[in-house]
1. Enter the angle in degrees (range 0 to 90, nearest 10) between the Cα long axis of helix 342-380 and the first principal axis of the Cα atoms of the chain, meaning the one along which they spread out most.
2. Tell me the relative contact order for the chain as a rounded percent, counting alpha carbon contacts under 8 Å between residues six or more apart.
3. Of the options Gly628, His729, Ala604, report the single residue whose Cα projects farthest towards the positive end of the charge dipole of region 550-802 (beta-carbon charges: Lys, Arg +1; Asp, Glu -1).
4. What's the local net charge at Ala244, with K and R +1, D and E -1, over the other residues with C-beta under 13 Å away?
5. Each residue of region 624-629 in turn: what ³J(HN,Hα) in whole Hz from Karplus with 6.51, -1.76, 1.60 and θ = phi - 60°, glycine and Pro shown as x?
6. Collect residues whose amide H, placed 1.01 Å from N in the peptide plane, falls under 5 Å from the amide H of Arg520; neighbours closer than 5 in sequence don't count.
7. Mind pulling the angle between the C-alpha long axis of helix 594-611 and the longest principal axis of the chain? Nearest 10 degrees, somewhere in 0 to 90.
8. Measure off 7 Å from each Cα along the Cα-to-Cβ vector at Ser973 and Ser611, then give the distance between these two points in nanometres to one decimal.
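Where a number appears in this text, it was derived from the coordinates with a stated rule and is not lab data. Quick caveat: nothing in here was measured; it's all calculated off a predicted structure. As a convention, Cβ positions derive from the backbone with ideal geometry for all residues, glycine included, and neighbour counts pool all protein chains shown.
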Amino acid sequence: MTDPSVLAHDSFVRRHVGTDPDAQRHMLDVLGFDSLDELLTRAVPGTILLEAEDRGVVPPGIDEAAAVEELRALARRNTVRRSLIGLGYYGTHTPAVIQRNVLENPAWYTAYTPYQPEISQGRLEALLTFQTMICDLTGMDVSNASTLDESTSAAEALMLARRNSRRKGPVFLVDADALPSTKAVLAGRATGLGIELCEVDFARDGLAGLEEADYFGALVQYPGASGRVWDPSGVITQVKETGATAIVAADLLALTQLRSPGEMGADVTVGTSQRFGIPLGFGGPHAGFVAVRKGLERQLPGRLVGVSQDADGNPAYRLSLQTREQHIRREKATSAITTAQVLLAVMAAMYAVYHGPEGLSRIGRQVAERTAELASQLRASGYELVHDSFFDTVQVRATGRARDIVADFARAGFLVRELDADRLQLSLDETVTEQDLHAIVAAFGPQAVEPLEGVEGADDTDGDDSDGNDSDGSGSATQVDVEGAWGELVRTSPFLQHPVFSSFPSETAMMRYLRRLADRDFALDRGMIPLGSCTMKLNAATEMAGITWQEFNAIHPFAPREDVEGYLDLIEQLESWLIDLTGYDTVSLQPNAGSQGEFAGLQAIRAYHASRGDSERDVCLVPSSAHGTNAASAVNAGLRVVVVASDSRGNIDLDDLKQKIKDHGEQLAALMITYPSTHGVYEEEVRTVCQLVHEAGGQVYVDGANLNALLEVAKPGEFGGDVSHLNLHKTFCIPHGGGGPGVGPVAAKAHLAPFLPGHPAMQKAEHPLVGDGAEGRESEVVHGGPPVSQAPYGSPSILPISWTYIRLMGPEGLRHATASAVLAANYVAERLREAYDILYTGDNGLVAHECIVDLRPFTARTGITVDDVAKRLIDYGFHAPTMSFPVAGTLMVEPTESEDLGEIDRFVDAMLMIAKEADAVAAGEWPADDNPLVNAPHTADCIAVGDWSHPYSREVAVYPGIWNGGDDSSVHSSARMRIQSKYWPPVRRIDQAYGDRHLVPTWPV
C-alpha cells in the first residue's frame, strides 16, 4: 500500500502522478482490484517482484524547495572560470530570446520526434533551417538534422565511408591533428569491425608514403586541433582519386571566414554547432552534424528533413528517406540512426537566424582578428608560435615555462591547455572582449622574455558594447591582417542567403517567429502523447531549473577536477542511485543517447569475452519482441544477429531460444531482451531465459527502454541481466526535446565494469561499485573501455533533471509512479476492448505499462487503416500512439503515470468514436474514399471554403469529440472551452512518397 505521506499536499509525487486517489479508485474498480499492490502482484511475475518494504540507497523524497536547495549546494561546489581550452568546445552567447522561447519553453522541449509530421511542422521547419545552415557553411549538398556530437559524427562518417568507398581495404586514415576525443571515439568504433586506424600528419606529409596503403577513407581536421590552418584540398583530391572517401571535420564559425570543405571537394563534412549559442554544459548536449555531397544522401546517418506536399498540394515538411532508420532495418541497419539533438539543433539554427550572415561573419572575423592580435603581442614579447596560420587557436612555445603560465592564467580566472612542459594552447571565442584580451596578454607577462605592451585600446571601455562586440563593427581596436596567412583559403562564397536568415532582425520579430513555429506543433503542453515505448511523461519545471544555472552550463568538459567537484558529486550520487534502482553493480553516464548506451554495453560484452579468450563469441540473439534498435546496435558492435521467435502470447519462444542456443553453442556472445517486452507484457519466464543464456556462456543484455514499468518493482540486474542501458529521457524525466537530447547510461554487473566506457580526459576515473565485485561493500572501479561520446560524461548539463526527479520522488514515490503507469495502461486496455483487440497480455490477462491495439481485424472489417486512425486522432486533439511498431498494423499505447483520468478518458473516448466512424464507413454511410478518417487531418484552411462537397459536416470534420464528457460544473472544462482551445494542424495529410521522390533537404534560394 502506498504510504499516505507520499501523497501529502507538499509532496512532489502528487504533482507528478496525474491520477489522484479517487481517480485510481475508479480505475481499480473498472479492473476489479482492491489496490495498486494487488494489481502489481497480479501483473508482475512473482519471481521478480520486489517487496514494497525493500529499500536501498535512494533517499526518501523531499519537497521541491528542498530539492532545489540541495542542487544549488552542489552547483556552488563548481568553480566557473573562463575557458580558453577549445578542442571543440567554446564560449558563446545564447541570445536571451532563444533561451527563453526555445530552451525554457515546454512547447519545444516536451515535443517528441517528428514522426507525425502534420503536427510537427514548426520544429521540422527549424530543422530544415539547421540543415540549410550546415550545407551553406560547409558547401555540402545534404546535411542531416543533427547527430550527438562531433566525435560520434566522425565515427558515423567512418562507417559511411566503409559502405560507400570503391576501395574495400581495412585501413582508415586519421589526421594527427584531429581532436583527441575524436581519435578515441574512432578507435572504439573501429574495435571489433576489423578496421585499422592509421594516424597521418596530413598538413606536414600529405599522403607521402601511403601510395600502397589499402585505405577506404580519410578524416582531415580543418582547422586542426592545434589551431593550424592549412589547405587540405590536395589531400582531398588524392584520397578521392584512389576511390576512397574524403571526410573533413570542420569548425562552423571558422567556415564563415575560410573556404568550405565542399569547395575543396570533400565527400563528407562533420562537426558540431555548439559554438552557435549552445552553452558549454560540461560537454553537452550539443548538436553535431554529418553533411554529404549529392549521391550519398541515402547513406547519410541520422534523420533528414525534406519538403513534400500535403493532400491539397501545399508545401509541407517531413522526415525523408525513413526506410534508412535503424529500428526499421534492424539487423540490416548501418547506423545508430535514432540519435539526434533536435532541441540543440533548433537553438543553433535560430542563432543563425538571429545573427544572419552578416552577424555570423562579424563574429567570426572578430574572433580571428583578436586571435591574430594576441599572436602579434606574443611574438613581440619573445614567445614562439608553433603555427603561423590559425583562426581562433594558437599554440605557444615557452620552454620550461608552460606549467607556470597555465597557473598564472588560472589565477587570472582563465583555463588554458597545457600540452607539455614547453607548450601551451589557447582558443578565443565570441565571448572574448578587448578587456579579456588585455587580461589574456597580461597573464603571459610574468614569463615573457620581452615586456608586454598590452592591447591597443584595451582600457577604453566606452566603445565596447555590453556583448563584448565593438560598436564600430571593426571587430578589434587594432586592425590585423588575419587573411594574409590564409591565402586562397579566404572564403569568398556567400552563405545563408535564404530570407529566413534576414527576416527577423528585431527581437520582437524573432519572438513572434519562434511563437509561430511553436504554435504549429503538438507537444505535452497541449495534450497527451500516448506513444508506446516512448514514455512521454511530465518534465517538471523544478526538474528543468538547473540546466540554465551558470555553475552547470558554463563549465568546459576538460576543466580541472578542482573546478568540477559539484558535478562529480552529482554524478556519483546519480550513478549510485541508478545502481540501486537497477540491481547492477556500476553505472557509466557517458553515453549521450540510448543507442550509444546499447553500443557501449555490447562493446563491454565483446571485450569481456575477448579477455577470457572467447573472441569467437560473436552471435547476438535478438527476440522479435525486443526493442527495434537492438539488432542495429549489435551489428554496429560487430556482432552477428540471430532472431528468436515469439510465441502467441508475445513472449520469447523458449523452444526456439533453446534451439538457437544449441545451434550457435560456443559462438554465443549475448542475448538482448527488452523487459517488459515491446509487446507490452511482463514475461513470466524471464529468469529462465537469462539462466539458459548464462549456462551456454553468453551474457544477457536487458534493454532499459521500458524501465518505467520496473522502478522499485523489479530490478533487471537482480533477475538475470548482465548489462542494460537506461533512458534518462524516458524513465527519469529528461525531456525528449522534439527528438533529442537524451542520455543513455549503461549499467552492468561487476565483471563487465572494467570494459564500460572510459575517457582519456575524465576528471575522476573511478566509479561507484557495489555487489560481489566490491565484496559486499561499496567500492570504486575504473571503467577502462573506449569512449562512446566526445565528452567524458556525455551530456552532463541535463543530468540535474534526473537527479532532481529521483530526489523529489524517493523510493516510495517511484514505486507509486510505476504502479500508476501500470494502472493507466491496463485501464486503457480494458476500456478499448469495447471496440478493439488487445494483441498481447500476460498469463493473467494484464499488460505492463503499455498495450498494443491490434487494428488488423478492424482494418479488414472497415477498410480504415492504422494511418487513418492516427491522422484522425489529430482532429480529436491527440498525438497518435506508436504506429505499426513492433507489429505492423497496430497502435502501441503508453499513457504513463503523469496523465490525469480526464485526459485518459478523453483519449479512450476518441478511439471509441473513431471505431464508430469506421463502422459507419463499413456500413456505407460514408464512401470509403471520402470520409472523415481517410481525409484526416482537417485544417482550418480546408473547411474555410464556400463549397463543402464532403458527405460529412464541417463540424464532424474539425470538432469531433468536443462534447464528450458534457459540461461538468465540478471541473473547469466545458465544450465551449474545448472549442476555443482546439489544436489546428497547419497542414493536411502529407504525401510521404512524393517527398522521397523529390528530395528537397534545404531552403531553396
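1. Roughly 20 degrees, rounded to the nearest 10.
2. Over the chain, the number comes to 19 percent.
3. Value computed over the given set: Gly628.
4. Numbers: positive: Arg162, Arg163, Arg166, Arg167, Lys168, Lys240; negative: Glu211, Asp214, Glu241, Asp267.
Charge balance in the 13 Å sphere: +2.
5. 5, 8, 6, 4, x, 7
6. The list, which skips near neighbours in sequence, is Gly122.
7. For 594-611 against the chain, the angle is about 80 degrees.
8. 5.3 nm
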